[in-house]
1. Within region 247-285, track down each residue that is loosely packed, with under 15 Cβ neighbours inside 10 Å and in contact with a Ser or Thr (Cβ under 6 Å, 6 or more places away or on another chain).
2. Can you name every residue in region 162-187 that is in a strand (DSSP E or B) and of a type in the set (Ser, Thr, Tyr)?
3. Taking region 130-183, which residues are free of Cβ contacts under 8 Å to residues at least 60 places away in the same chain and of a type in the set (Asp, Glu)?
4. Yes or no: region 219-231 includes at least one residue that is under 17 Å from residue 110 (Cβ atoms), touching a helix residue (DSSP H, G or I) at 6+ places or on another chain (Cβ under 6 Å), among the aromatic types (Phe, Trp, Tyr) and in contact (Cβ under 8 Å) with a residue 12 or more places away in the chain.
5. I'm trying to understand the selection: among the residues of region 177-227, which are more than 22 Å from residue 156 (Cβ to Cβ) and among the aromatic types (Phe, Trp, Tyr)?
6. Restricting attention to region 72-79, does a residue exist that is closer than 30 Å to residue 297 by Cβ, touching a residue at least 40 places away in the same chain (Cβ under 8 Å), assigned to a loop (DSSP other than H, G, I, E, B) and not aliphatic (A, V, I, L, M)?
7. Of the numbered conditions (1) aliphatic (A, V, I, L, M); (2) within 18 Å of residue 197 (Cα to Cα); (3) out of contact with any strand residue (DSSP E or B) (no Cβ under 6 Å at 6 or more places or on another chain), residue 308 satisfies every one except a single condition; which is it?
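Throughout, read-outs are computed from the coordinates displayed, never taken from laboratory work. All figures in this text were calculated on a predicted structure; none of them were measured in a lab. Cβ placement follows ideal geometry from the backbone for every residue including glycine, while neighbour counts extend to all protein chains displayed.
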Amino acid sequence: MPPQFTAVPVALLVSLQISCASISPQTVATAAAIGATAPLADVVAEARLLDQPSNAARLEALQGLLKKRGLAFTLQPFANSARQRDGRAEGQNVLLEPFGGDGPLIVLGAHLDAVPLKEGGQSHGMVDNGAGVVVVTRVAEALRAHRLRHRIQVVLFDMEESGLLGSAFLAKSLDRTKVSVMVNVDIAGYGDTILSGPTTAAGSAPLHQALARVCAARDYPCLRLANFPLSDDRSFQAAGIPAISMGVLPALEAHQVWLLLNGGKESGLAPGFAPAILRTIHTPDDTADKLSAEGMTRIYNAVLGLILELDAS
């Protein structure tokens with residue numbers, strides 16, 4: 001997740017919590033049965049495999065993980081226009097083999113790269129975003145067991161930390177008329193509160209409404225942000241494709257992030273205060289000991305439920 005956390009105009013506090021109104025009992029019963037009831041096995045261990053000294057090595061480790069789990073994929077190379085941040089000549093998006101029906105495309109993505117550090121080297125990139133990569137691949141596995149109306153394309157984007165280069169390349173290559181929505185997962189390591197945004201993005205209202213149904217069915221606290229940290233969803237929004245970005249944090253951190261990004265001068269936060277998550281990502285402290293199988297499973301359930309809700313709509 002690129003480090004862009006600037007103060008923005010005040011949003012109404014009443015919009016913090018997602019409404020559970022207008023949800024049919026049938027929808028709730030169906031969504032409640034979807035997903036894992038116990039923490040997913042080995043998700044933290046799999047994220048650790050991506051903790052590599054370079055993004056090139058991280059990409060190699062990811063390919064090994066996908067092969068081990070029997071997930072077919074192709075690489076999509078693109079030129080690196082930000083060599084000053086990532087010294088590689090080109091990036092490589094990892095596209096899992098598409099599956100599902102013949103309806104409009106749903107893109108599900110997470111970025112695979114870790115951020116280069118000013119002092120040299122790169123972050124361990126576990127919360128941002130090794131956990132997100134593992135969550136998305138597990139969702140892909142689960143979705144294959146469902147009869148889907150839409151075509152599903154799962155993508156692990158490279159060079160998000162260098163200016164959303166991988167997602168911008170893919171979004172520009174797609175036929176907008178054949179794409180329904182994009183769901184992005186970023187910051188998926190620990191916590192109990194699902195964050196989503198930006199609600200100000202054109203066409204995103206139905207996505208947030210679908211997520212509200214999933215949150216209500218599972219009794220998950222979910223928080224909408226009008227202004228949301230920059231991530232790969234923006235590349236699809238720029239291409240005219242409705243998109244939503246999702247993450248998970250403990251309730252306190254989630255609300256502190258909301259206040260920081262949406263509270264403006266009246267946020268009530270102390271001058272210079274940064275939530276714990278902002279003292280972790282893009283630092284040497286973004287390590288696997290921060291990850292929680294319980295938190296990763298919670299956002300896994302939310303993402304899986306959202307894709308199935310969108311597929312049915």
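1. Selection gives 251 alone.
2. Restricting attention to region 162-187, the residues satisfying the condition of being in a strand (DSSP E or B) are 179-185.
Residue satisfying the conditions is 180 alone.
3. Selection gives 175 alone.
4. Of region 219-231, the ones under 17 Å from residue 110 (Cβ atoms) are 228-231.
Narrowing further to those that are touching a helix residue (DSSP H, G or I) at 6+ places or on another chain (Cβ under 6 Å): none.
No: zero hits.
5. Matches in region 177-227: 220 only.
6. Of all residues in region 72-79, those closer than 30 Å to residue 297 by Cβ come to 72-76.
Now restrict to residues that are touching a residue at least 40 places away in the same chain (Cβ under 8 Å): 76.
From the residues that got through so far, the ones that are assigned to a loop (DSSP other than H, G, I, E, B) too are none.
Taking every residue of region 72-79 in turn, none turns out to be closer than 30 Å to residue 297 by Cβ, touching a residue at least 40 places away in the same chain (Cβ under 8 Å), assigned to a loop (DSSP other than H, G, I, E, B) and not aliphatic (A, V, I, L, M).
7. (2)
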